[in-house]
Amino acid sequence: MAEFPPVKPARRTERIEYAVRDIVLTAEEAARRGRELLFLNIGDPIQYDFYTPRPLVEAACKAMFENLTGYSASAGVDEALEAIRREARRRGIEPVDIFITTGASEAIDFALTALVNSGDNVLVPFPGYPLYTAILAKLEAEARPYYLREEEGWQPDPEEIASRVNERTRGIVLINPNNPTGAVFSREVLAAIAEVARRHRLVIFSDEIYDKLVFDEDEHVSIAALAPDVPVVTFNGLSKCYLAPGFRIGWGIVSGPAEALRDYVEAIHKLARARLSTSHPKQYAIPVALEGDQAHLPPVVEKLRRRRDLTYKMLNEIPGISCVKPRGAFYAFPRIEVPGVSDREFVRELILETGVVVVHGSGFGQLPGTAHFRVVFLPPEEVLARAFERLADFAGRFFKR
Ligand code: PLP
C-alpha cells in the first residue's frame with residue numbers, strides 16, 4: 001500500500017494561537033538545559049499555594065455518592081441555576097436566561113457561535129485573553145481589535161470602540177477585571193460602552209470571571225446592571241474566585257430586552273443540548289460557592305494584594321521596564337520600553353537563560369509598536385522576588401546587546 005498521505009487540518013485552525021500554552025515548549029527546552037523553572041505564566045491558582053475551598057469539594061463528592069452522575073438538564077440543574085440567578089440580582093442584573101457550561105470557556109464559545117456568521121466581526125480588546133480570537137477564527141469571523149493603552153490605565157476608550165464598528169460588527173467583548181492587564185473598568189467607561197452598543201445594536205460579552213478579585217478601592221461593576229435595555233451575556237464561573245479551575249464549571253447570564261433575545265437564547269440552548277450537559281455532580285458546588293461561606297475570599301485577596309504590590313514595585317525598579325499597577329485579577333502586563341526590542345525574542349531568551357517563564361505580549365495582542373510581557377503574580381513572594389531579580393539581571397544584559 002502507498003504511504004498514507006498527510007492528514008490535512010482544516011484551514012480554520014491556522015489562525016488559532018494560544019501563547020499561554022505554547023510557551024511551555026520553550027520552558028521545556030530551558031529545563032533540558034538544566035534551568036530551574038519559575039512559573040509566572042499559569043493563570044491557575046491551584047498550581048501555587050491556593051486550595052479549592054473544602055465545602056465545594058464536599059458538595060461535588062456528596063452529589064457523586066448520591067448517584068447524581070447521570071447527564072443533567074442541558075442548561076444545568078435547577079438549584080445551581082437559581083443560585084446564579086440570585087447572585088446576578090445581587091449584582092443588579094435581571095437575567096433573561098442562564099446556561100451552565102464546561103468552564104466559562106464553553107459559555108463564551110456558545111455565546112459567540114450562536115451569534116456570528118462567517119464574515120461577521122466582534123470587537124475584542126488588544127491586549128486580551130486569547131480565547132476570543134481563537135473562537136472567532138474557528139467561526140471564520142473577524143476578531144476586530146480595539147486597543148487598550150497604559151496612558152489610560154488600561155481602561156478601554158469608548159470612542160475608539162465606536163470608531164471600530166462597521167456593518168458586519170455584531171458584538172463587543174469586555175474583560176473586567178482584565179486579563180492580561182489587571183485593569184478594573186470604571187462605571188463611567190462602562191456606561192459609555194453600553195451607549196455604543198445601544199446606538200449600534202450590538203451584543204456585549206462581559207467576561208467577569210475575576211469579579212471578586214479586586215484589590216483597591218475600586219468597586220467591580222457589571223455592565224449588564226448599567227444597561228438593562230442592552231443585550232449582554234455575562235460570563236463567570238468557579239475557576240478563579242472560587243479556586244476550582246479543574247471543576248470546569250462556568251456559566252453565561254443573558255440579560256437585556258427579553259423579546260428581542262428570544263431566538264438568540266434558543267440558539268444558545270440548541271448548542272447546549274447538542275453537547276448534552278456539563279459535569280452533573282460538580283454543578284452542586286455552585287450554590288455552595290455563591291451562597292455559602294465566603295471566608296476564603298478575604299485572605300485570598302489579601303495574599304494577592306501583597307503579591308501585586310511586590311510585583312508592581314520590583315518590575316518598576318528595572319531600567320527599561322515599566323508597569324501600570326494591576327487593580328484586579330492576578331496579572332501584570334509590563335512594558336518593555338527599550339525601542340526595537342521584540343517581546344517574543346525577549347521572552348524566549350529570558351526563559352532559556354533564566355528559567356523565568358512569562359508570556360510574550362503579542363500572544364494577547366498589543367498596540368502596534370509596543371512590546372510587553374504578561375506576569376502571573378500567583379506565586380509566593382519569595383518566588384516572585386527571585387524571578388524579578390533574575391529578570392532584572394537578564395534585562396540589564398539584554399538591553400545592552
Ligand atoms: N476568561 C478569562 C478572562 C480568563 O482569563 C480565563 C482563564 O484564564 C477564562 C475565561 C477561562 O475560564 P474557565 O476556566 O472558566 O473556562
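Being more than 16 Å from ILE93 (Cα to Cα) and within 15 Å of the ligand (Cβ to nearest atom) is the filter here, so list the residues in region 214-236 that pass it.
Within region 214-236, VAL214 is the sole residue that qualifies.
Taking region 24-41 only, how many residues are within 16 Å of the ligand (Cβ to nearest atom) and either among the hydroxyl-bearing types (Ser, Thr, Tyr) or surrounded by fewer than 19 Cβ atoms within 10 Å (Cβ to Cβ) (or both)?
Number satisfying all stated conditions: 1.
Specify the residue that is farthest from the chain's Cα centre (by Cα); the eligible residues are those in region 316-335 that are of a type outside the set (A, V, I, L, M, F, W, C) and away from the ligand (no atom under 16 Å from the Cβ).
For region 316-335, the residue satisfying everything is PRO319.
If you check LEU123 against the conditions, is it under 18 Å from GLY365 (Cβ atoms) and surrounded by 24 or more Cβ atoms within 10 Å (Cβ to Cβ)?
Criteria met by LEU123.
Please find, among ARG86, ARG91, the residue that is within 26 Å of ASN179 (Cβ to Cβ), more than 15 Å from the ligand (Cβ to nearest atom) and outside the structural domain of ALA371 (by TED's automatic domain parsing).
Of ARG86, ARG91, the one residue that is within 26 Å of ASN179 (Cβ to Cβ), more than 15 Å from the ligand (Cβ to nearest atom) and outside the structural domain of ALA371 (by TED's automatic domain parsing) is ARG91.
Tell me whether region 152-165 contains one or more residues that are crowded, with 21+ Cβ neighbours inside 10 Å, farther than 23 Å from SER186 by Cα and not acidic (Asp, Glu).
No, every residue in region 152-165 fails to be crowded, with 21+ Cβ neighbours inside 10 Å, farther than 23 Å from SER186 by Cα and not acidic (Asp, Glu).
Within region 253-266, is there a residue that is closer than 26 Å to ALA59 by Cα and in the same structural domain as ARG86 (by TED's automatic domain parsing)?
Looking for residues that are closer than 26 Å to ALA59 by Cα and in the same structural domain as ARG86 (by TED's automatic domain parsing), one finds at least one in region 253-266, hence yes.
The values are calculated or read from the model by the stated rules, or taken from the named source; none is laboratory data. Being a predicted model, the structure only gives us computed values, none of them experimental. In this analysis, Cβ positions are derived from the backbone assuming ideal geometry, glycine residues included, and neighbour counts consider all displayed protein chains.
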